[in-house]
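Quick note: the coordinates plus some simple rules give every number you see, no bench work behind them. Treat the numbers as computed from the prediction; the structure is a model and nothing was measured.
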Amino acid sequence: MNIDTLQHAIVNGLEDVKAHDIAIFNTAHLSRMFDRVIIASGTSNRHTRALAMHVRGKVKAAGGEIRGIEGMDAGEWVLVDCADVVVHIFLPALRQYYRLEEIWGPLGAEPN
């Protein structure tokens with residue numbers, strides 16, 4: 001699947017379920033493991049889990065691959081591995097604590 005198509009499916013999935021503060025980072029030049037990192041916030045554990053499941057559904061419907069989903073039990077930080085894109089869905093307090101944006105940006109930053 002084309003990286004732009006995959007990214008579009010993921011962002012649409014996040015926006016459909018009202019994710020907050022979606023950030024997209026082009027990491028192709030930083031890592032050979034994946035080409036994009038997408039970070040978003042949910043308002044509750046239930047919301048982060050719903051976001052992850054909706055992203056999963058959108059990616060699969062577009063013909064993409066889901067390698068795994070981690071963190072569904074607690075729902076505080078859910079990671080969706082979509083092969084070339086890794087999606088992190090946080091509760092706001094954990095997102096602020098871990099500050100992954102500082103790892104992947106601004107060098108890898110890409111407008112969303």
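What the table below lists for this structure:
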{"item": "Percent RCO, i.e. relative contact order, over the range 14-112, from Cα pairs under 8 Å lying at least 6 residues apart", "result": "32"}
{"item": "Mean residue ellipticity (222 nm) of the chain, computed from DSSP H runs ≥ 4 via -39,500 (n - 2.57), nearest 500", "result": "-11000 deg cm²/dmol"}
{"item": "The range 1-83 - convex hull of alpha carbons, volume per residue in Å³", "result": "84"}
{"item": "Note, ³J(HN,Hα) from phi for the range 81-89, Karplus 6.51, -1.76, 1.60, rounded to Hz, x at Gly and Pro", "result": "8, 9, 6, 7, 10, 10, 10, 10, 10"}
